[in-house]
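Working notes, structure below.
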Amino acid sequence: MPTNLMIKRVWLLKKGAFLLNMIAKEKVQEIVNEWLEGKEYFLVDIAVNADDQITVEIDHADGVWIEDCVELSKFIESRLNRDEEDYELEVGSAGLGQPFKVVQQYVIHIGQEVEVLANDGRKYRGVLKEATDEKFTVAVPEKVKPEGAKRPTIQEVEHTWAYSDVKYCKYLITF
């Protein structure tokens, strides 16, 4: 009769073998980068979980077309071997209204209204003015009391954050 220790060893051996057959995120990223060459699309995120469920998110300044998602999906499938790797593949656009994940998303939304949740818990709503590799700036309407004035007035105040100083920044959908 097997002991718990033996069962754990068998499970670990099986799990180890399973992990060796898992599709590497880097492999999927190489395939996606090959498809992206010469296109104005950019990669937002790739996730590969332990069950080989692959999720690829792309974006474009003018939005993502379903035909391009289908094309990328077929491209990825043509580079992976179903006989060797059993996987589930989902290709889509970065969700509208979802937090930005890469600098290019900030860049394509310059001039648009965004919401920022700073690490200190404060929320800001304003217009994204600038985005660099290190930081971004949002102009926020705030009550400011000019020196010598009796009452505060609403003025645009620019706030600049390093990406690590915020929990999220996302495009605000307004109607």
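Under the definition of Cα pairs under 8 Å and six or more residues apart, what whole-number percent is the relative contact order of the range 103-171? Could the numbers behind the result be given before it?
Numbers: 134 pairs, mean separation 22.4, N = 69.
Answer for the range 103-171 is 32 percent.
Positive end of the dipole of the chain, charges at C-beta (+1 Lys, Arg; -1 Asp, Glu), about the Cα centre: which of L80, Q155, V70 has its Cα farthest in that direction?
Q155
Would you mind counting up the charge near I154? Only other residues with Cβ under 14 Å from its Cβ, with Lys and Arg at +1 and Asp and Glu at -1. Display every interim value, and only then the final one.
Numbers: positive: R125, K143, K145, R151; negative: E142, E156.
Residues close to I154 contribute a combined charge of +2.
Going 7 Å from the Cα of E156 along its beta-carbon direction, which residues of the range 136-150 have the amide nitrogen within less than 17 Å of the resulting point?
Within reach of a label on E156, which here means backbone N under 17 Å from a point 7 Å along Cα→Cβ, the range 136-150 contributes 136-144.
Go ahead and run the numbers for FRET between K101 and N81, Cβ-Cβ distance against an R0 of 35 Å, rounding to 0.05.
Details: r = 29 Å, r/R0 = 0.83.
In this case the efficiency is close to 0.75.
For the range 147-164, take each phi angle, set θ = phi - 60°, evaluate the Karplus expression 6.51 cos²θ - 1.76 cosθ + 1.60, and give the result in whole Hz per residue in order, putting x for glycine and proline.
Result, rounded to whole Hz: 4, x, 7, 7, 10, x, 10, 7, 9, 7, 10, 8, 10, 10, 10, 6, 4, 6.
Pull up the cross-link candidates among the aspartates and glutamates for K25, meaning alpha carbon to alpha carbon under 15 Å and not fewer than 8 places away within one chain.
Reachable aspartates and glutamates: E34, D45, D51, D52, E57, E77, E85, D86, E88, E90.
So for the pair R125, V70, with labels modelled 7 Å out along Cα→Cβ, what separation do we get in nm?
Spacing of the two 7 Å Cα→Cβ label points: 3.8 nm.
Do you know the relative contact order of the chain, to the nearest whole percent, from alpha carbon pairs under 8 angstrom that are 6+ apart? Could the numbers behind the result be given before it?
Working: 260 pairs, mean separation 27.8, N = 175.
This gives 16 percent for the chain.
If you take the square roots of the eigenvalues of the alpha-carbon gyration tensor of the range 103-171 and sort them as a ≥ b ≥ c, do you get rounded (a/c under 1.5), prolate (a/b over b/c) or oblate? Can you show the working numbers first?
Numbers: a/c = 2.46, a/b = 1.93, b/c = 1.27.
Note, shape of the range 103-171 comes out prolate.
Given the pairs K27/K170; K145/K167; K101/K167; K143/K170, which span a C-alpha to C-alpha distance of over 21 angstrom in this model? Each step should come with its number before you reach the end.
Numbers: K27/K170 29 Å; K145/K167 29 Å; K101/K167 11 Å; K143/K170 23 Å.
Where the Cα-Cα span goes over 21 Å, the pairs concerned are K27/K170; K145/K167; K143/K170.
Net charge near V102, counting Lys/Arg +1 and Asp/Glu -1 over other residues with Cβ under 10 Å of its Cβ? Before the final figure, lay out each step's value.
Numbers: positive: K101; negative: D45, E57, D59.
Neighbourhood net charge equals -2.
Taken together, the values in this text are just the output of simple stated rules run on the coordinates, not laboratory data. Since the model is a prediction, treat every value here as computed from it, not as a measurement. Note: ideal-geometry Cβ built from the backbone for every residue, glycine included; neighbour counts use all protein chains shown.
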